[in-house]
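The values are calculated or read from the model by the stated rules, or taken from the named source; none is laboratory data. Just so it is clear, the model here is predicted, and its values are computed rather than measured. Every residue, glycine as well, gets a Cβ built from its backbone with ideal geometry; the counts of neighbours run over all protein chains shown. Ligands, DNA and RNA are excluded from the accessible area calculation, which covers all protein heavy atoms including side chains. Shrake-Rupley method; radii C 1.70, N 1.55, O 1.52, S 1.80 Å.
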Amino acid sequence: MSEAPIDATSTDAWAELTTLAAGFDPDLRGWFAQDSTRVARLTHDAADLRVDLSKNLVTDEVLAALIRLADQVGLHGRRTAMFAGDRINVTENRSVLHTALRQPAGARLEVDGQDVVAGVHDVLHRVYAFADQVRSGSWTGATGLRIHTVVNIGIGGSDLGPAMAVEALGPYAHDDLEFRFISNIDPTDCAQKLAGLDPATTLFIVASKTFGTLETLTNARLCRAWLLAGLRAVGVRAADPEIVAQHFVAVSTALDKVADFGIDPANAFGFWDWVGGRYSVDSAIGTALAVAIGPQRFAEFLAGMHAMDEHFRTQEIAANVPALMGLLNIWYVNFLDAHTHAVLPYAQLLSRFPAYLQQLTMESNGKSVRWDGSAVKTQTGEVFWGEPGTNGQHAFYQLIHQGTRLVPADFIAVANPAYPLVDGDVDVHELFLANFFAQTKALAFGKTADEVRAEGTPEGIVSARVFSGNRPTTSILAAELSPAVLGQLIALYEHITFTQGVVWGIDSFDQWGVELGKQLAQQVGPAVAGDAAAAREQDESTRMMIEYYRANRR
Ligand code: F6P
């Protein structure tokens with residue numbers, strides 16, 4: 001049993017932060033004007049990422065108090081415990097070792113008498129061999145044709161990670177392979193994703209840590225039926241198991257259930273209960289990504305994650321980017337009353353990154369009790385959300401610029417686009433990045449009433465055109481969206497999430513909050529299907545909605 005969490009609110013640092021917050025009057029214009037070293041002091045490199053924290057609402061005093069808070073809640077010890085494989089996922093009595101998934105071959109980490117790194121690399125070799133076979137065309141379907149489409153069936157961490165990463169690294173993907181992702185149990189998802197596919201050249205990866213997830217197993221059965229029907233229609237006579245063996249592989253920690261489903265154990269890639277679903281894109285759950293970009297690039301992706309792990313593990317907090325970003329989030333959530341956090345990639349290829357981060361951050365830190373079961377005394381996980389710039393600018397940025405709420409935002413961009421295009425003699429990516437820089441500037445420094453008046457604005461609308469500024473942003477830049485950089489971005493947010501969880505004293509690695517809905521879906525199911533007795537057991541609102549549904553279905 002892990003020791004009781006330290007109550008952050010009882011620390012000296014918390015008291016100091018409370019005092020600092022009480023009279024807090026942010027002034028980014030003034031701070032920039034008066035302190036020529038601010039930007040240099042608040043800009044850090046973490047692996048290949050350049051991270052500028054200077055446009056955050058912090059003074060040296062606040063930052064020093066946040067760093068003391070990290071000390072006083074035992075961030076160092078907790079970090080050591082995670083990397084060492086201690087069972088810090090208390091409510092599930094598990095180690096938390098996603099960092100072991102990206103340890104280089106030859107490193108050693110013993111947990112319960114097993115060298116987990118050796119086990120990781122054994123599975124990686126099998127995934128890489130499979131990826132090579134699909135990419136080279138030596139893996140063929142039941143008619144002898146090579147695979148053209150890989151369909152990942154999974155949900156949550158078994159979907160969001162691979163789907164986000166395959167899109168993000170699309171420019172590195174094999175030219176002759178297409179990737180699709182089925183996650184939702186809404187039959188539309190399966191129907192739309194299978195539309196136009198040829199069963200003879202389609203390969204399914206069933207990705208499920210537990211291999212018990214209703215959505216995934218249902219979709220897998222639908223896909224198996226579609227496959228068999230399609231191949232029978234073109235005269236394939238092989239037995240069902242033989243066909244399934246050539247068109248289905250699985251990724252799971254529950255290899256017995258994989259076999260029960262009818263997938264050949266030889267085509268199953270395992271992982272371990274010490275990898276949380278939302279931390280699993282770097283395990284065999286990333287098989288679709290390994291097929292897309294190939295083993296060499298996948299290894300670079302893992303190396304990028306490892307580089308960020310090493311930064312987080314070894315840097316003092318004052319220069320530790322994930323820790324600092326996590327602590328800044330604590331400042332905003334617990335002292336400046338921020339409720340949400342925007343992540344705004346100025347890279348179209350990262351369009352699914354905010355969705356990916358929603359599971360990572362909100363499933364991890366959306367908790368009301370601490371890891372010893374006691375109630376938290378402060379707010380915990382903020383709502384993460386976002387869309388790529390510049391689309392967001394023309395939609396919700398109005399609220400970030402001029403609304404009444406504080407919305408801290410992370411802006412992410414790369415110097416080299418995957419597709420450099422010019423419009424006449426204008427580099428379009430330069431236009432794009434000009435928006436990135438302009439937005440963070442406008443949010444930080446705003447526009448005063450005098451500046452608005454100086455533009456000849458009629459007095460009656462001056463106030464509507466004033467920008468208060470002091471809207472905090474962090475800028476994250478990299479040379480290009482390489483596999484390594486994507487890995488670093490993912491690991492960065494994993495460790496930000498971890499840092500916040502430690503301050504709040506919560507178990508960031510369980511997800512009991514998703515269970516009740518799953519149970520009730522089972523319980524409501526018979527009523528939806530027309531069982532009158534089951535319908536009578538429902539509350540009135542639910543019963544009426546089910547009645548409406550049954551009356552209106554065709
Ligand atoms: O319901 C939430 C969850 O358990 C996530 O944590 C997980 O990523 C997802 O469901 C899918 O679970 P599995 O990989 O076991 O199918």
Could you list all residues from the stretch 494-531 that are small (Gly, Ala, Ser) and surrounded by fewer than 24 Cβ atoms within 10 Å (Cβ to Cβ)? Gly513, Gly517, Ala521, Gly525, Ala527, Ala529, Gly530
Can you spot a residue in the stretch 432-441 that is β-branched (Val, Ile, Thr), more than 16 Å from the ligand (Cβ to nearest atom) and within 24 Å of the chain's Cα centre (by Cα)? yes
Taking Asp450 as meeting all but one of (1) under 25 Å from Gly161 (Cα atoms); (2) in a helix (DSSP H, G or I), write down the number of the exception. (1)
Residues that are in contact with a Cys (Cβ under 6 Å, 6 or more places away or on another chain) and farther than 21 Å from Trp139 by Cβ: does the stretch 250-263 have at least one? no
May I ask you to say which residue of Thr440, Thr404 is in a loop (DSSP other than H, G, I, E, B) and among the hydroxyl-bearing types (Ser, Thr, Tyr)? Thr404
Return yes when Thr499 is within 26 Å of Leu336 (Cα to Cα), part of a strand (DSSP E or B) and touching a Pro at 6+ places or on another chain (Cβ under 8 Å) and no when it is not. no
Just need a number here: residues in the stretch 468-514 that are within 16 Å of the ligand (Cβ to nearest atom), out of contact with any Ser or Thr (no Cβ under 6 Å at 6 or more places or on another chain) and acidic (Asp, Glu). 1
Checking Lys377 against (1) closer than 16 Å to Thr497 by Cα; (2) in contact with a Ser or Thr (Cβ under 7 Å, 6 or more places away or on another chain); (3) open to solvent by 30 Å² or more (accessible area, probe 1.4 Å): exactly one of these is not met. Which one? (1)
Among the residues of the stretch 357-373, is any more than 14 Å from Phe509 (Cα to Cα) and buried (at least 22 other Cβ atoms within 10 Å of the Cβ)? yes
Qualifying position, being within 16 Å of the ligand (Cβ to nearest atom), within 23 Å of the chain's Cα centre (by Cα) and either outside any loop (DSSP other than H, G, I, E, B) or outside the structural domain of Ile490 (by TED's automatic domain parsing) (or both), among Pro171, Pro162: Pro162
Residues in the stretch 249-260: is at least one away from the ligand (no atom under 16 Å from the Cβ), touching a residue at least 12 places away in the same chain (Cβ under 8 Å), surrounded by 14 or more Cβ atoms within 10 Å (Cβ to Cβ) and assigned by TED's automatic domain parsing to the domain that holds Leu177? no
Every residue from the stretch 179-203 that is assigned to a loop (DSSP other than H, G, I, E, B), of a type in the set (S, T, N, Q) and open to solvent by 60 Å² or more (accessible area, probe 1.4 Å): Asn184
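Here is a yes/no grid of residues against (1) touching a His at 6+ places or on another chain (Cβ under 7 Å); (2) crowded, with 24+ Cβ neighbours inside 10 Å; (3) closer than 26 Å to Val90 by Cα:
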| position | (1), (2), (3) |
| --- | --- |
| Val291 | no, yes, no |
| Glu316 | no, no, no |
| Val333 | no, yes, yes |
| Asp337 | no, no, no |
Restricting to the stretch 204-235, name every residue that is of a type in the set (Gly, Ala, Ser), open to solvent by less than 50 Å² (accessible area, probe 1.4 Å) and more than 9 Å from the ligand (Cβ to nearest atom). Ala220, Gly230, Gly235
Do we have any residue at all in the stretch 268-287 that's part of a helix (DSSP H, G or I), at pLDDT 95 or above and more than 14 Å from the ligand (Cβ to nearest atom)? no
